[in-house]
Amino acid sequence: MTRDYLGIIRELVAGTWRDPTTGKTHGIPIETIAIEETLDGMEADLVAEAHGGKSLIVVSDERTRAALGERVFRALSGRFNVREHVWENPRCTPEGIDELMAATEDAEALIAIGSGTISDSVKYGSFTTGREYSVFATSPMNAYTTPTASIAYDGFKKSITCHSARGVFFDLQVLAGCPRRLVSAAFADVICRTTAQVDWLMSHILFDTPYSETAYVLLAVDEDDMIAEAAGIMSGDFDALAKLTRVSAIMGLGTSFTGTTHVGSMAEHMISHYIDMFAGAAHPGTSHGEQVGVATLTMSALQNRILGADRPPELRPTVIPEAELRRRFGDQTAETMIEQTARKALDEKTAAALNARLEKEWAEIAGRLRAVMRPTAQLRDAMRTAGCQLTGRDLGLEPEFYRDAVRYSRYIRDRFSMLDVAGDSGQLEEFAATCE
């Protein structure tokens, strides 16, 4: 009997899943998602369902072509007007995407083959040129199902909302055969649910910013088992790997339910972005997922530290170190950081009001946030089992650089997080000094 690896995603695709917290029925913009032991022999039917008789170009790079792209191209060749484009120098920048779109302008729809760079470039490029796309995954990461693309503008990463794929296709045999490092990175990338939810919920509690439980209800279906089966994920067990794939897919779909990436991208992602933006020649070549995993452990430790205290933090008006930011990062980048931070900065009146509220309601607020947390030790043990890096040093970063990432990443985006609580209560420097 064929196993049902789609699980709850089947209901989302059909538009029949009902959120038990709201009673609302949800669908998703992706028309087809497949998670199968193998998609070999199914490729043409899947693409036909998504794109009909449109002319196609299969986009890959050298590695993803070897992993899956050549097979997909052969499968489509008998039924479609199709050619392939192997991108020699893939880069998810405006210039790189323009180059890719110029090279593929003769196709009505694009078929991306794996990798975050390929997927995001095709996603954003097809959006700007008014074309459709689908993607065959080569790892179990969450970027395939999100309608956003991470684009580097002058070294400053921005998450840009564009559109979703028509179809997203996961071949478990391909995922099981991909480099273990990619599987570990995917696991590390989704383990951040706990820290992102704490930050986002805290922002909602303190400032009444929008917040939704929907994605977290869906993620909870598989998250416990995914963490418990970390060893099976690494050994290539299809059931365990399918759980990671479902969690990754739903994490990517979170934006579809909320209209924001806050659901799975808060302070831990800002730390990862800092690494990519400022490591320069010292960047160790680690992936976004690997960096997010390490940053998740850092943020979990900080969140547990602050929320485990008997007394609430005493907040002060936000001090934006403008001169320091300019000295470290240059005027252009510093201006962006100052602008982003100013949007969430506490003035004297707001800090005083928050302190009064925290003094009165600390037990209730801290308890509500702790209810959605996982213990740092549990996260660390699961990540160790899944072969993930655990520290900045494990990533190949100098300890002082990683400490700076913890100190300064709060200035990258306007998302209020526990880094801001620590910074505005005089605890961040002491905490950062313990990181490595």
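The values are calculated or read from the model by the stated rules, or taken from the named source; none is laboratory data. In this text, all values refer to a predicted model and were calculated from it rather than measured experimentally. Cβ: placed from backbone, ideal geometry, glycine included. Neighbour counts: every protein chain shown. These accessible areas exclude ligands, DNA and RNA; they are computed on the full protein's heavy atoms, side chains included. Shrake-Rupley method; radii C 1.70, N 1.55, O 1.52, S 1.80 Å.
If you take the residues in region 156-209 that are among the charged types (D, E, K, R) and open to solvent by 10 Å² or more (accessible area, probe 1.4 Å), which one is farthest from Ile113 (Cα to Cα)? Let's see the steps before the verdict.
Let us first name the residues in region 156-209 that are among the charged types (D, E, K, R), namely 157-158, 166, 171, 180-181, 189, 193, 199, 208.
Going one step further and asking which of them are open to solvent by 10 Å² or more (accessible area, probe 1.4 Å), we end up with 157-158, 166, 180-181, 189, 193, 208.
Details: Lys157: 22, Lys158: 23, Arg166: 14, Arg180: 18, Arg181: 18, Asp189: 20, Arg193: 26, Asp208: 40 Å.
Step by step, filter region 156-209, then rank; the result is Asp208.
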Practice task
Examine region 342-353 for a residue that is under 22 Å from Phe278 (Cα atoms) and either at pLDDT 95 or above or in contact with a Ser or Thr (Cβ under 6 Å, 6 or more places away or on another chain) (or both), and state whether such a residue exists.
Solution key: yes
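For region 142-154, state whether one or more residues are open to solvent by 10 Å² or more (accessible area, probe 1.4 Å) and among the aromatic types (Phe, Trp, Tyr). Full working, then the answer.
Taking region 142-154 and keeping what is open to solvent by 10 Å² or more (accessible area, probe 1.4 Å), we get 142-143, 146-148, 150, 152-154.
Of the ones still in play, those that are also among the aromatic types (Phe, Trp, Tyr) are 153.
Yes, region 142-154 contains at least one residue that is open to solvent by 10 Å² or more (accessible area, probe 1.4 Å) and among the aromatic types (Phe, Trp, Tyr).
If you scan region 275-293, which residues turn out to be in contact (Cβ under 8 Å) with a residue 40 or more places away in the chain and not in a helix (DSSP H, G or I)? Walk me through it before giving the result.
Filtering region 275-293 down to residues in contact (Cβ under 8 Å) with a residue 40 or more places away in the chain leaves 275-279, 282, 284-293.
Of everything in region 275-293, those that are in contact (Cβ under 8 Å) with a residue 40 or more places away in the chain and not in a helix (DSSP H, G or I) turn out to be Ala279, Pro284, Gly285, Thr286, Ser287.
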Exercise for the section: Please work out which residue is farthest from Met266 (Cα to Cα), limiting yourself to region 135-190 and to residues that are part of a helix (DSSP H, G or I) and among the charged types (D, E, K, R). Expected result: Arg180
Problem - Subset of region 261-298 [under 20 Å from Ala149 (Cβ atoms), under 13 Å from the mean Cα position of the chain (by Cα) and of a type in the set (Ser, Thr, Tyr)] - result: Thr261, Ser265, Ser272, Ser287
Handout entry: Odd one out for Arg415, checked against (1) without any contact (Cβ under 8 Å) to a residue 60 or more places away in the chain; (2) open to solvent by 10 Å² or more (accessible area, probe 1.4 Å)
Key = (1)
Completion exercise
Going through region 165-219 in order, the residues found to be under 16 Å from the mean Cα position of the chain (by Cα) and basic (Lys, Arg) are Arg193
Exercise for the section: May I ask you to verify whether Ile8 is under 30 Å from Cys178 (Cα atoms) and buried (at least 17 other Cβ atoms within 10 Å of the Cβ)? Expected result: no
Fill in the blank from the handout: Sole miss for Thr376 among (1) of a type in the set (Ser, Thr, Tyr); (2) under 16 Å from Cys192 (Cα atoms); (3) in contact with an Asp or Glu (Cβ under 9 Å, 6 or more places away or on another chain) is condition (3)
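Could you tell me whether region 296-312 includes any residue that is open to solvent by less than 20 Å² (accessible area, probe 1.4 Å), touching a residue at least 60 places away in the same chain (Cβ under 8 Å) and of a type in the set (Gly, Ala, Ser)? Break it down stepwise before answering.
Initially, region 296-312 is screened for residues open to solvent by less than 20 Å² (accessible area, probe 1.4 Å), giving 296-300, 302-303, 306-307.
The next check asks that each one be touching a residue at least 60 places away in the same chain (Cβ under 8 Å); those that pass are 296-300, 302-303, 306-307.
Imposing the further condition that a residue be of a type in the set (Gly, Ala, Ser) reduces the set to 300.
Looking for residues that are open to solvent by less than 20 Å² (accessible area, probe 1.4 Å), touching a residue at least 60 places away in the same chain (Cβ under 8 Å) and of a type in the set (Gly, Ala, Ser), one finds at least one in region 296-312, hence yes.
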Problem - Whichever residue in region 254-274 is part of a helix (DSSP H, G or I) and in contact with a Pro (Cβ under 9 Å, 6 or more places away or on another chain) and, among such residues, is farthest from Met141 (Cα to Cα) - result: Thr258
Exercise for the section: Check whether at least one residue in region 365-381 is touching a Gly at 6+ places or on another chain (Cβ under 7 Å) and either assigned to a loop (DSSP other than H, G, I, E, B) or touching a residue at least 12 places away in the same chain (Cβ under 8 Å) (or both), and report yes or no. Expected result: no
